[in-house]
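A.B. asks: Below you will find the structure I want to go over with you.
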């Protein structure tokens with residue numbers, strides 16, 4: 001590396017460095033921000049959103065009715081939340097959708113603007129419809145239905161799957177009060193175990 005480039009890099013570093021009297025406060029503030037970011041990451045259980053574990057969907061308490069109804073549905077044995085609610089055509093679309101949808105959910109929950117009855121958005125409807133067809137493609141292709149005029153037509157042609165299969169897997173009622181006594185997994189404590197022991201918190 002030539003001396004000119006080395007000098008350029010040193011001048012850039014020098015420009016970014018705070019004056020000597022500000023270095024300690026800047027280090028302390030940076031440490032506080034990093035600590036707060038790591039604490040938020042831990043408390044929000046952010047790493048769980050990278051998995052397919054359905055318990056990630058109840059981190060924010062809003063999805064208890066959906067989790068409970070899924071747990072008691074025929075789909076529980078075969079699917080998890082991501083199987084239905086996240087695209088599966090490629091990994092980039094999958095994680096982009098998870099990030100966008102998760103950010104929207106987190107914002108709504110943080111601002112406490114969630115509706116009493118949660119409804120799926122248009123983007124979510126498209127994804128769920130794609131996944132219904134992806135999993136049940138064989139059934140859809142082999143079943144034809146005779147309509148009232150006696151003509152055969154492809155099963156579900158021109159309709160959303162839940163236009164007919166409304167109960168699957170969450171049932172018709174989707175309000176926050178629809179499963180008041182549902183037994184769902186509890187959230188793990190936000191504080192580390194060593195701190196809880198030290199403070200004698202159970």
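No lab work stands behind these numbers, since they all come straight from the coordinates. Keep in mind it's a predicted model, so treat the numbers as computed, not measured. We place every Cβ from the backbone using ideal geometry, glycine too, and count neighbours over all the protein chains shown.
A.B. asks: Could you tell me how many degrees, from 0 to 90 and to the nearest 10, lie between the Cα long axis of helix 122-142 and the main elongation axis, the longest principal axis, of the Cα atoms of the chain?
C.D. replies: Long axis of 122-142 versus the principal axis of the chain: about 40 degrees.
A.B. asks: If you don't mind, another one. What is region 42-116 by shape, rounded, prolate or oblate, if you read a ≥ b ≥ c off the alpha carbon gyration tensor as root eigenvalues and call it rounded for a/c under 1.5, prolate for a/b larger than b/c, and oblate otherwise? Could the numbers behind the result be given before it?
C.D. replies: Values: a/c = 1.69, a/b = 1.09, b/c = 1.55.
It is oblate, given that a/c is not under 1.5 and a/b is not larger than b/c.
A.B. asks: Measure nothing but the geometry: give the 0 to 90° angle between the long axis through the Cα atoms of 20-43 and the longest principal axis through the Cα atoms of the chain, rounded to 10°.
C.D. replies: 20 degrees
A.B. asks: Continuing with the same structure: Report, to the nearest 10°, how far helix 3-16 tilts away from the longest principal axis of the Cα atoms in the chain, using its own Cα long axis and a range of 0 to 90°.
C.D. replies: 80 degrees
A.B. asks: In addition: Under a crude label model (7 Å from the Cα following the beta-carbon direction), how far is residue 107 from residue 199 in nanometres?
C.D. replies: According to this spin-label approximation, the distance is 3.2 nm.
A.B. asks: Another question, then. Normalising by the residue count of the chain, find the relative contact order in percent from Cα pairs under 8 Å and 6+ residues apart. Mind showing how you got there, number by number?
C.D. replies: On the way: 120 pairs, mean separation 50.2, N = 202.
Reported relative contact order: 25 percent.
A.B. asks: Multiply the residue separation of residue 88 and residue 117 by 0.36 nm, subtract the distance between their alpha-carbon atoms, and state the gained length in nm to one decimal.
C.D. replies: Working: separation 29, 0.36 × 29 = 10.44 nm, distance 2.70 nm.
Value of the extension gain: 7.7 nm.
A.B. asks: Here's another thing I want to ask about it. Does region 44-198 come out rounded, prolate or oblate by the C-alpha gyration tensor, with a ≥ b ≥ c the root eigenvalues, rounded set by a/c under 1.5 and, if not, prolate when a/b is larger than b/c and oblate if not?
C.D. replies: Values: a/c = 2.32, a/b = 1.96, b/c = 1.18.
Note, shape of region 44-198 comes out prolate.
A.B. asks: Multiply the residue gap between residue 73 and residue 136 by 0.36 nm, knock off their C-alpha separation, and tell me the result in nm, one decimal place.
C.D. replies: Values: separation 63, 0.36 × 63 = 22.68 nm, distance 1.65 nm.
Length gained, residue 73 through residue 136: 21.0 nm.
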